[in-house]
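Visitor: One structure, pasted below without further comment.
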Amino acid sequence: MGRHRAGTALEETRDELFGSGIRLALGQLRHEGAGLRVGFFTMARELPRLLAVTVRLGRTAAPGALAAIVTAELIGGVATVVTLMATYRVLVPLMAGGPSRERLLAAAPALIAIALAAGTASVMRAGSKAAASRLGPRAERLAYTRLLERAAKVELAALEDAGFHNLLGAARQGTRATRVVITNAVALLTGLTNLVASAGVLTVLHPVLLPLLLATIAPKGWSAVRAARARFASAKRYMDLTRQLEVLGDLLSSPNTGPEIRAHGAAPYLLAHYDRLSSVAEEEQERLGRAEARGVLAGDALSGLASMATYAALGALLLMGTVPLAVAGAAVMAIRTGRTSLIGLIMSTNQMYEQGLFVLEWERACTEAEERAMHTGELALPPGPVEIRARNLSFVYPHKTRPALDGVDVVIRPGEIVALVGENGSGKSTLAKLLSGLYLPSGGQVTWGGTPIELLDRQSVFERIALAAQDFPRWPFTARVNLAIGRTDHARDRDRLWWAGLASGADMVAASLPDGWETLLAREFMGGTELSGGQWQRLGLGRAWFRDAPVLVFDEPTSALDPRAETEIFAKVGTLAADGRTVILITHRLASVRRVDRIYVLRQGKVIEHGTHESLMADDGTYAEMYRLQADQYVDTPVSTADDKKEFSQ
C-alpha cells in the first residue's frame, strides 16, 4: 500500500512526454549557479566578480575599445563635476543681489566652463558608445569560441551527461549575454560616474546631503537585484522546459518527422502538449511579473520617502541659514542629476546582473569543461600495426549504477577482422568506443601495443582509427566535405576522393546529384538537396575509406543498404583486412561474420562466447541459436561454412 502511494506520487510529478525531465517545483531545484544564492549583500558581492569576468573578456577581445570606454566615461564624469560646480559658481554672483552687468560678467567664465564641460561630456559619451559597439560583438565571439573549444575537448561521456549538457545550454546563453552585459556595463559606468560626481558635489556643498541621496539609492538597488535574481532562478528552473518546447516545435515542422506526423495524425496530440507546456511557461512568467511588480512598488515607495526626506532636509538647512540660496540651488541640480543617473544606474544594473549571471554560468561551464577534458598520456604509438587488447574491462556511464560492460576480455591482432555480436543493449557499441579510446575504462585496461590507453597520446590513437557507424553525422555541407571530413587536409585530393567513392559506392551517389560532389546536402538551405538513407550510408562508408586508417570500426555499417549493396560492401571490407588493416565489425546480420577471424558474443555487458564461426556453431550456444534463427528465414539459400578469407573478399 505504501509503495503504491509512493508510486502514485511519483507518477504525479512526471510529464507524459518527457517523464521526470521537467523540473516544475522549487523544491526539486538543486543548488546550481550563483543566481540561486539568496540575499542582497551576496548579490552585491557577486557584481564585482561579474564585472571582472566581463572586463577580462573585453581586454582579450578588444583592449583598445575597452580602454577607450573607460577613458571616455572617466572624462565624462569629470565633465559632470565641472558642470555642477560651475553652476554653483554662476548662482553665487547672480543670487548675491539683483541682476547687473557686473554680476553677469562675473558669471561668464563659469557659463563658458559649463558649455565646454557639457560638450566634452557629450563627445565622450558618443565615443564610449562607439567603442562599445566594437567591443560587444568581439567579446561575444571570443566567449562562444572559448566555450566551443573546451566543449570539443571534453570526454565523450561528459557530452552525454544531461547535467553538463544543461550547463552548456546556460553557457551558450551566457555567450550571447556578454554583449548585453557590456552595453549595460557602459551604461552602469556612465550612471556611476555621474552619481559619484553628484555625490562629490553634495559633499562639498554640505556633508549631510550625501547620506540622504544614498538613502534614495538603496531601495531601488534592492528591488532591482531581487528581480534579476528571480528571473535568473526562473530561467534556470525552466531551461529543460524551454528546450522541450523547442523540440516539439522542431518535430512539428521537420521534414524528417513530417510523414509520420501526417500519416499517424500525431499533430493534434503534439500541438496539445505544446500548448500545455507553453501554458506552464506563461504561468511562470505571470508569477514572476507579479513578484517583480511587488518588489518595484516597495522599492519605489521607500525611495520616494527618502527623496522627500532629502528635499525636506535641504529646505530646513535653507530656512535655518545653514546653507545660502546659491548652495541650495546647486544642491537641487546635483540631486536631480544624481536621481537621473540613479534611474539609468538601476536599469543598467538590473539588466547587467540578470544577464551577467549567465556569463558566470559561461565561466563555470568553461572551468568544468577544462576539468572534464579528455585525459591523455604522452606516449606515442609505435609505427606500424599494433595489437589491441581488453583485460577485465568494465565501464559505467555517468549517473548509472549498473555497468554497461563488466569483466570483458578481447584480443584483436593486426590485420584481423573481429566481429562483436549480441542482442541490442548488450554493450557492443560501448566496447567498440572503449577499444577506440573514445571512452576510458571504469575498471580494467585497454592496451594498444601493450601500453594502457591512458598512458598513450590519445590523439595518436584517434589518428589510427576510422569510424563508420549506423548513426553517423549527416553534415549539412557539400557531398565532398561529407566524404572528406575525416581528413580535411586532403579534401581536394581527387585521387583519394575517387578511390573512396569507388570503394563505397559514393561515386554513384555524387553522379546522381545536380552539382556532383559540390552539391549541398541540406534541404533546409537554398540550393540544397536530400539523400535517401542508403545514399547517406554510402557517404558514411566512403568517409571511412577516405580516412584510410589502419583500424576501422564498422558499427552496423550497412543497415540501410539493399542485400546486393551489403554483400558488395562486406566483400570490400574483406579486402581492407587483406591489405593489413584491422577491422572491428558490429552487426546483427550474422551471415556477414561467418568468415571473420574471431567472433565475440556479448550479453548484458559480458562476453559469453568467443571463437570462429565453426567453433561457435559446434558449441551450439547462443551464437548458434541466433545464427539458425536468421538462417531459417532464408531456407532456400544454401549455407556454406567455408572460412577462406580470400573468398570473403571476392
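Visitor: What tally of residues in segment 448-463 results from selecting those that are touching a helix residue (DSSP H, G or I) at 6+ places or on another chain (Cβ under 9 Å) and buried (at least 19 other Cβ atoms within 10 Å of the Cβ)?
Guide: Taking segment 448-463 as the starting set, the residues that turn out to be touching a helix residue (DSSP H, G or I) at 6+ places or on another chain (Cβ under 9 Å) are 448, 453, 461-462.
If we keep only those that are buried (at least 19 other Cβ atoms within 10 Å of the Cβ) too, we end up with 448, 453, 461.
Qualifying residue count for the region: 3.
Visitor: Can we say G427 is in contact with a Pro (Cβ under 8 Å, 6 or more places away or on another chain) and touching a residue at least 24 places away in the same chain (Cβ under 8 Å)?
Guide: Working: in contact with a Pro (Cβ under 8 Å, 6 or more places away or on another chain): no; touching a residue at least 24 places away in the same chain (Cβ under 8 Å): yes.
Criteria not met by G427.
Visitor: Could you identify the single residue in K400, K428, K433 that is modelled with pLDDT under 90 and charged (D, E, K, R)? I'd like the intermediate steps shown before the answer.
Guide: Values: K428 fails: modelled with pLDDT under 90; K433 fails: modelled with pLDDT under 90.
That would be K400, the only listed residue that is modelled with pLDDT under 90 and charged (D, E, K, R).
Visitor: Within segment 434-450, identify whether any single residue is of a type outside the set (A, V, I, L, M), closer than 20 Å to L541 by Cα and not in a loop (DSSP other than H, G, I, E, B), and answer yes or no. Let's see the steps before the verdict.
Guide: In the first step, residues of segment 434-450 are kept if they are of a type outside the set (A, V, I, L, M); the result is 436-437, 439, 441-445, 447-450.
Narrowing the set further to residues that are closer than 20 Å to L541 by Cα leaves 436.
Of the ones still in play, those that are also not in a loop (DSSP other than H, G, I, E, B) are 436.
The answer is yes; a qualifying residue exists.
Visitor: So E530 clears everything in (1) modelled with pLDDT of 90 or more; (2) more than 17 Å from K572 (Cβ to Cβ) except one condition, right? Which one?
Guide: Answer for E530: the failing condition is (1).
Visitor: When you go through V421, V411, V396 one by one, which is the residue that is of a type in the set (A, V, I, L, M), out of contact with any Gly (no Cβ under 8 Å at 6 or more places or on another chain), surrounded by fewer than 19 Cβ atoms within 10 Å (Cβ to Cβ) and over 20 Å from F462 (Cα atoms)?
Guide: Details: V421 fails: surrounded by fewer than 19 Cβ atoms within 10 Å (Cβ to Cβ); V411 fails: over 20 Å from F462 (Cα atoms).
One residue alone meets the criteria, V396.
Visitor: Same structure, new question: Taking the stated definitions as given, is E140 surrounded by 20 or more Cβ atoms within 10 Å (Cβ to Cβ) and at pLDDT 85 or above?
Guide: Details: surrounded by 20 or more Cβ atoms within 10 Å (Cβ to Cβ): yes; at pLDDT 85 or above: yes.
When the stated conditions are applied, E140 passes them.
Visitor: Check whether at least one residue in segment 598-617 is outside any helix (DSSP H, G or I), under 20 Å from I569 (Cα atoms) and modelled with pLDDT of 90 or more, and report yes or no. I'd like the intermediate steps shown before the answer.
Guide: Going residue by residue through segment 598-617, those that are outside any helix (DSSP H, G or I) are 598-612.
Narrowing the set further to residues that are under 20 Å from I569 (Cα atoms) leaves 598-599.
Checking the rest, the ones that are also modelled with pLDDT of 90 or more come to 598-599.
Yes, that holds for at least one residue.
Visitor: Given the structure, is A369 surrounded by 14 or more Cβ atoms within 10 Å (Cβ to Cβ) and closer than 30 Å to T175 by Cα? Walk me through it before giving the result.
Guide: Values: surrounded by 14 or more Cβ atoms within 10 Å (Cβ to Cβ): yes; closer than 30 Å to T175 by Cα: yes.
Criteria met by A369.
Visitor: Here is a check on your reading of the model: is R179 part of a helix (DSSP H, G or I), modelled with pLDDT under 85 and buried (at least 18 other Cβ atoms within 10 Å of the Cβ)? Spell out the reasoning first.
Guide: Values: part of a helix (DSSP H, G or I): yes; modelled with pLDDT under 85: yes; buried (at least 18 other Cβ atoms within 10 Å of the Cβ): yes.
The answer is yes for R179.
Visitor: Inspect all residues belonging to segment 269-276 and state whether any of them is exposed (fewer than 10 other Cβ atoms within 10 Å of the Cβ) and either at pLDDT below 75 or basic (K, R) (or both). Steps first, please.
Guide: So the first thing to find is which residues in segment 269-276 are exposed (fewer than 10 other Cβ atoms within 10 Å of the Cβ), and the list is none.
No.
Here is a yes/no grid of residues against (1) modelled with pLDDT under 80; (2) surrounded by 15 or more Cβ atoms within 10 Å (Cβ to Cβ); (3) under 24 Å from G425 (Cα atoms); (4) assigned by TED's automatic domain parsing to the domain that holds E625:
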{"position": "A544", "(1), (2), (3), (4)": "no, yes, no, no"}
{"position": "L561", "(1), (2), (3), (4)": "yes, yes, yes, yes"}
{"position": "R564", "(1), (2), (3), (4)": "yes, no, no, yes"}
{"position": "V583", "(1), (2), (3), (4)": "no, yes, yes, yes"}
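Visitor: Answer yes if at least one residue in segment 470-479 is surrounded by fewer than 17 Cβ atoms within 10 Å (Cβ to Cβ), among the polar types (S, T, N, Q) and not in a helix (DSSP H, G or I), and no otherwise.
Guide: Yes; the residues of segment 470-479 include at least one that is surrounded by fewer than 17 Cβ atoms within 10 Å (Cβ to Cβ), among the polar types (S, T, N, Q) and not in a helix (DSSP H, G or I).
Visitor: I'd like the full set of residues that are part of a helix (DSSP H, G or I), in contact (Cβ under 8 Å) with a residue 24 or more places away in the chain and either out of contact with any helix residue (DSSP H, G or I) (no Cβ under 6 Å at 6 or more places or on another chain) or not aliphatic (A, V, I, L, M) (or both), limited to segment 149-161.
Guide: Initially, segment 149-161 is screened for residues part of a helix (DSSP H, G or I), giving 149-151, 156-159.
Right, trim to in contact (Cβ under 8 Å) with a residue 24 or more places away in the chain and you get 150-151, 156-158.
Those that are part of a helix (DSSP H, G or I), in contact (Cβ under 8 Å) with a residue 24 or more places away in the chain and either out of contact with any helix residue (DSSP H, G or I) (no Cβ under 6 Å at 6 or more places or on another chain) or not aliphatic (A, V, I, L, M) (or both): R150, L156, A157.
Visitor: In the set G315, G384, G356, which member is outside any loop (DSSP other than H, G, I, E, B), out of contact with any Pro (no Cβ under 6 Å at 6 or more places or on another chain), at pLDDT below 85 and surrounded by fewer than 21 Cβ atoms within 10 Å (Cβ to Cβ)?
Guide: Details: G384 fails: outside any loop (DSSP other than H, G, I, E, B); G356 fails: surrounded by fewer than 21 Cβ atoms within 10 Å (Cβ to Cβ).
Just a single option satisfies the conditions, and that option is G315.
Visitor: Within the set of pairs 6 or more residues apart or between chains, which connect a residue that is touching a residue at least 24 places away in the same chain (Cβ under 8 Å) inside segment 126-137 to a residue that is among the basic types (K, R) with Cβ atoms less than 7 Å apart?
Guide: Final answer for the pair search is G136/R179; P137/R179.
The values are calculated or read from the model by the stated rules, or taken from the named source; none is laboratory data. Being a predicted model, the structure only gives us computed values, none of them experimental. Here Cβ is always computed from backbone atoms with ideal geometry, including for glycine, and neighbour counts include all displayed protein chains.
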